[in-house]
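Encoded as structure tokens, the structure appears first; notes follow it.
The values are calculated or read from the model by the stated rules, or taken from the named source; none is laboratory data. The model shown is predicted, which means the values in this text are computed figures rather than measured ones. Here the Cβ positions follow ideal geometry from the backbone for every residue, glycine too, while neighbour counts run over all protein chains shown.
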Amino acid sequence: MSVEVRLPTVLRPAAGGQSVVSVEGATIAEVLGSLQARFPGVEGQLLTEDGSLHRFVNVYVNDDDVRYLDKLDTKVEDGDVVSILPAVAGG
Amino acid sequence: MALYPSILDLIGNTPLVDVSALSPNPSVRILVKLEGQNPGGSVKDRPALAMIEEAEKSGLLEPGSTLVEPSSGNTGIGLAMVCKVKGYHLKVVLPANVSTERRQLLEVWGAEIIESPGSEGSNGAVRAARALAAEHPEWVFLYQYANPANPRAHYEGTGPEILRDCPEVTHFIAGLGTSGTLIGVGTYLKEHKPDVQVWAVEPPSGELVDGLRSLDDGYVPPIFTEGDGEHLLDRKTIVGPRDSIEWTRRLTELGIFAGISTGAAMAGAAKCAASIDSGVVVIVSADGGWKYLSTNAWTGDIDAVVERAKSIIYF
């Protein structure tokens, strides 16, 4: 599966300044794994040491937060858009 | 009763209006709770009053006290109104890129505005306010993101009102913000109707928070964590500015003049309605459209308005 990953501003320097990259993977875990393998600079920013999603990082598949789908096991299809965004407050 | 001793007695008991004419699924009703009907103009009047009354009860607030609070606007405005009535001084830490009207309303109520960098969004305002509160222990810091009176105002007010006015509710959708509305209403509804689904909508944080230095600058409100938000919510979805504005415009066809975050909630309701066979979706309209007139959200060229909305905080 090839999916488009949209990177937040803070991760772009680690990806050579790109805001959108294409990576392979059938689940969010695989997509993030491919991303880290290709851009070692993002390592440690997305996942905690025990392998779960960092609490200040939100990952979305086509606008839906994966925490409320199947978390890192959420499946992705060819052509899906995965967005990584920092958790932000409102109010 | 039509005679009230104080404007503060008008907070809460907001109307629920049927907007099913806009539902993409004829078997799904959509109802909007118009929080813009509160006297300060937004849903935030509820937590503002609840937090202040709680602080008065506990002795934290005394006559003439000074408060400091981070806000992207509505909480600041609600607090400023309550503080004006009760005689407290309020300093609001406000991101520089909120709509002009939010600033003007704070000035109406005599609140002092302390600007935080727009590029850090609300997260920057929270950080700055926490630093100020630490430097000035004499100031009262209600801290809406961690104050249990915030979700409690919705657990005791908004939630019961929804169930009273619409016992057939199947889905509840609101903007995330501090998470006070979602935690308070969601907890209440699920206690009384465990099958109710709770959905959060949020704006894409993208370009608004270019100033965050790392993902560690992200922020999850303590009330979300303490209210076990991750288990309470059934779904969380991003709604971009274009969808938000298009739905804000569609609402005017039914005579509803609401703020841009209401359009986001409507977009979430439409997505929800399209994904279920039948049901009754209740959404919260956090505020009316008045504070966004300067953005030309209703009448401007849609592309230009969307571009502008990307740089303005409207949640």
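Among the candidates B:LEU16, B:LEU67, B:LEU22, B:LEU90, which residue alone is in the same structural domain as B:ILE183 (by TED's automatic domain parsing) and touching a Cys at 6+ places or on another chain (Cβ under 7 Å)?
Answer to the check: B:LEU16.
Scan segment A:13-38 for residues that are out of contact with any Leu (no Cβ under 6 Å at 6 or more places or on another chain), within 14 Å of another protein chain (Cβ to nearest Cβ) and buried (at least 17 other Cβ atoms within 10 Å of the Cβ) and jot them down.
Scanning segment A:13-38 gives A:ALA14, A:LEU35, A:GLN36.
Yes or no: segment B:118-127 includes at least one residue that is outside the structural domain of B:LEU212 (by TED's automatic domain parsing), within 29 Å of B:ILE7 (Cα to Cα), surrounded by 15 or more Cβ atoms within 10 Å (Cβ to Cβ) and among the acidic types (Asp, Glu).
Looking for residues that are outside the structural domain of B:LEU212 (by TED's automatic domain parsing), within 29 Å of B:ILE7 (Cα to Cα), surrounded by 15 or more Cβ atoms within 10 Å (Cβ to Cβ) and among the acidic types (Asp, Glu), one finds none in segment B:118-127, hence no.
When you scan segment B:150-177, how many residues do you find that are of a type in the set (A, V, I, L, M) and within 14 Å of another protein chain (Cβ to nearest Cβ)?
Qualifying residue count, segment B:150-177: 4.
May I ask you to say which residue of A:LEU47, A:LEU53 is more than 21 Å from B:PRO204 (Cβ to Cβ), within 12 Å of chain B (Cβ to nearest Cβ), buried (at least 18 other Cβ atoms within 10 Å of the Cβ) and without any contact (Cβ under 8 Å) to a residue 24 or more places away in the chain?
A:LEU47
Count, please, the residues in segment A:68-84 that happen to be within 12 Å of chain B (Cβ to nearest Cβ) and more than 17 Å from A:GLY33 (Cα to Cα).
Selection size over segment A:68-84: 2.
Can you tell me which residues in segment B:185-214 are over 24 Å from B:PRO47 (Cα atoms), surrounded by 18 or more Cβ atoms within 10 Å (Cβ to Cβ) and at pLDDT 95 or above?
none
Go through segment B:73-112 and give me each residue that's surrounded by fewer than 23 Cβ atoms within 10 Å (Cβ to Cβ), hydroxyl-bearing (Ser, Thr, Tyr) and either closer than 20 Å to B:TYR143 by Cβ or without any contact (Cβ under 8 Å) to a residue 24 or more places away in the chain (or both).
Residue satisfying the conditions is B:TYR88 alone.
Residues A:GLY41, A:GLY51: which one is of a type outside the set (A, V, I, L, M, F, W, C), touching a Pro at 6+ places or on another chain (Cβ under 9 Å) and farther than 19 Å from A:SER2 by Cβ?
One residue alone meets the criteria, A:GLY41.
Which numbered condition in (1) under 22 Å from B:ASP216 (Cα atoms); (2) surrounded by fewer than 20 Cβ atoms within 10 Å (Cβ to Cβ); (3) not aliphatic (A, V, I, L, M) is the only one that A:GLY90 fails?
It is condition (2) that A:GLY90 fails.
Is there a residue in segment B:204-221 that is within 28 Å of B:GLU161 (Cβ to Cβ) and more than 8 Å from every other protein chain (Cβ to nearest Cβ)?
No, segment B:204-221 has no match at all.
Need the failing condition index for B:ALA267 against (1) without any contact (Cβ under 8 Å) to a residue 12 or more places away in the chain; (2) in contact with a helix residue (DSSP H, G or I) (Cβ under 6 Å, 6 or more places away or on another chain); (3) small (Gly, Ala, Ser), just the number.
Of (1) without any contact (Cβ under 8 Å) to a residue 12 or more places away in the chain; (2) in contact with a helix residue (DSSP H, G or I) (Cβ under 6 Å, 6 or more places away or on another chain); (3) small (Gly, Ala, Ser), only one is false for B:ALA267: (1).
Among the helices (runs of 4 or more DSSP H) lying completely within segment B:217-279, list those that include at least 1 residues that are among the hydroxyl-bearing types (Ser, Thr, Tyr) and either touching a Phe, Trp or Tyr at 6+ places or on another chain (Cβ under 8 Å) or surrounded by fewer than 22 Cβ atoms within 10 Å (Cβ to Cβ) (or both).
B:222-226, B:241-252, B:260-275
Answer yes or no as to whether B:GLU246 is outside the structural domain of B:PRO117 (by TED's automatic domain parsing), modelled with pLDDT of 95 or more and closer than 25 Å to B:ALA48 by Cβ.
The answer is no for B:GLU246.
Determine the pairs where a residue that is free of Cβ contacts under 8 Å to residues at least 60 places away in the same chain, located within segment B:56-68, has a partner that is surrounded by 15 or more Cβ atoms within 10 Å (Cβ to Cβ) and assigned to a loop (DSSP other than H, G, I, E, B) with Cβ atoms under 8 Å apart, the partner being 6 or more residues away or on another chain.
B:GLY64/B:TYR88
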